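Report on one structure; see the data block that follows.
Values quoted throughout were computed directly from the atomic coordinates according to the rules given, and no laboratory measurement underlies them. Quick caveat: nothing in here was measured; it's all calculated off a predicted structure. Counting neighbours? That spans all protein chains shown, and the Cβs are built from the backbone with ideal geometry, glycine included.
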Amino acid sequence: MRAERVVLDTNVLISAALLADGKPFTVLRQVLDAGVLVFSNETFTEIATRLMRPKFDRYISVELREQFLADLGAAAEWTTITGAVHVCRDPDDDFVLETVLTGRADCLVTGDGDLLALHPFRGLAILPPHDFLSSR
């Protein structure tokens, strides 16, 4: 599978920020090098809010997290959502699916079981990081 436009879920991005030698970081690097990272205001707000939690202070400095977020925001293509998607068994994940649709993404990479259970979603791949990397 050749995914050109990709939404990376919050859990993947947090893992990428914390572990530069893990699969989530490799996924992020591949997307930034050979594709398009897609965000909506809602997906970016979620990653920013969660990544800045004090529980991560002992793993990565606030300054590095701020730079990580700034770099992501600058590198991404942005889309707008309206809250029109209501299909996930966890309604808090619906905005991620809508970002995939409105951003015309080819793939969603996530570790979230509620989202992975929907694979394929309207013909679009929903994959964990390992499967995304294996498909390339």
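Taking a ≥ b ≥ c as the square roots of the eigenvalues of the Cα gyration tensor, the chain is prolate, since a/c reaches 1.5 or more and a/b is larger than b/c.
Note on the chain: antiparallel DSSP beta bridges, both residues inside, total approximately 10 percent of the bridges counted.
Across the chain, C-alpha contacts under 8 Å between residues 6 or more apart give a mean separation that, scaled by the residue count, equals a relative contact order of 32 percent. Here's how it looks for residue 5: its modeled amide H is under 5 Å from those of 36, 106, 107, which are all 5 or more places away or on a different chain.
The charge dipole of the chain, taken about its Cα centre with unit charges on the Cβ of Lys, Arg, Asp and Glu (plus for the first two, minus for the last two), comes to roughly 260 debye.
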